[in-house]
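Step one of this worksheet: look at the structure below.
The values are calculated or read from the model by the stated rules, or taken from the named source; none is laboratory data. This one's a predicted model, so the numbers in the text were calculated from it and none came from an experiment. Positions of Cβ are generated from backbone atoms using ideal geometry, with glycine treated the same way; all protein chains shown enter the neighbour counts.
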Amino acid sequence: MRAAGLPREARLRRAGDFAALRHASGRFGGRCFSVRYRPNELGHPRLGLAISKRVSKRAVDRNRIKRLVRESFRQVRLELPAVDLMVMAREQAASLPGPELLAELHGLWKRLRTVRLDATLKPGDPAGTIVR
C-alpha cells in the first residue's frame, strides 16, 4: 500500500532553499495566501510553508492551514511546473473555513501553471544556496 502523504522530495527542507525564495523569486497572491516561486532543475515542484504566529497565536489554527495547503498541493503537484514554492498565509486565513481556503489555493495553483518561469530569474542570481 502506497502512503498518501507528501513525499520527502516534494518538500523544501533546507534553510538555503527558503532564503533563495525570499531574495530572488517571482511572487503572486490572493486574499489569504502569498506565494513565492522560483524554477528548479529537479523536474518536479517542491513546497515550503511559512505560517507565522502573526497569522494566529493558536498552533491548532496554523496547523490546520498547513494541512490544507499540503493536501491541496499533493493533489495538483504532478500538474505543476518544476518550481520551488513558498506559501505564506495572511491573517484572514485563520478565520475562514476550509472550503474557502481550498478554493483560493486551487486558483493559485491554476495561476502558477500559466506563469512564465524564464522571466523569474535574473542573470547572476544565486542558484538556491546561501552565498558566503
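Could you name every one of the strands (runs of 3 or more DSSP E) located completely within segment 8-107 that has at least 1 residues being under 13 Å from the mean Cα position of the chain (by Cα), of a type in the set (A, V, I, L, M, F, W, C) and modelled with pLDDT of 90 or more?
So the answer is 33-39, 46-50, 83-89.
Given the criteria among the aliphatic types (A, V, I, L, M), under 12 Å from L112 (Cβ atoms) and surrounded by 17 or more Cβ atoms within 10 Å (Cβ to Cβ), does V55 qualify?
For V55, the condition - among the aliphatic types (A, V, I, L, M), under 12 Å from L112 (Cβ atoms) and surrounded by 17 or more Cβ atoms within 10 Å (Cβ to Cβ) - is not met.
Only residues that are over 24 Å from P39 (Cβ atoms), touching a residue at least 24 places away in the same chain (Cβ under 8 Å), of a type in the set (S, T, N, Q) and out of contact with any Cys (no Cβ under 7 Å at 6 or more places or on another chain): list them for segment 56-112, please.
The answer is S56, and nothing else.
Collect the residues in segment 13-51 that are farther than 24 Å from E104 by Cα and among the polar types (S, T, N, Q), keeping them in residue-number order.
Within segment 13-51, just N40 meets the criteria.
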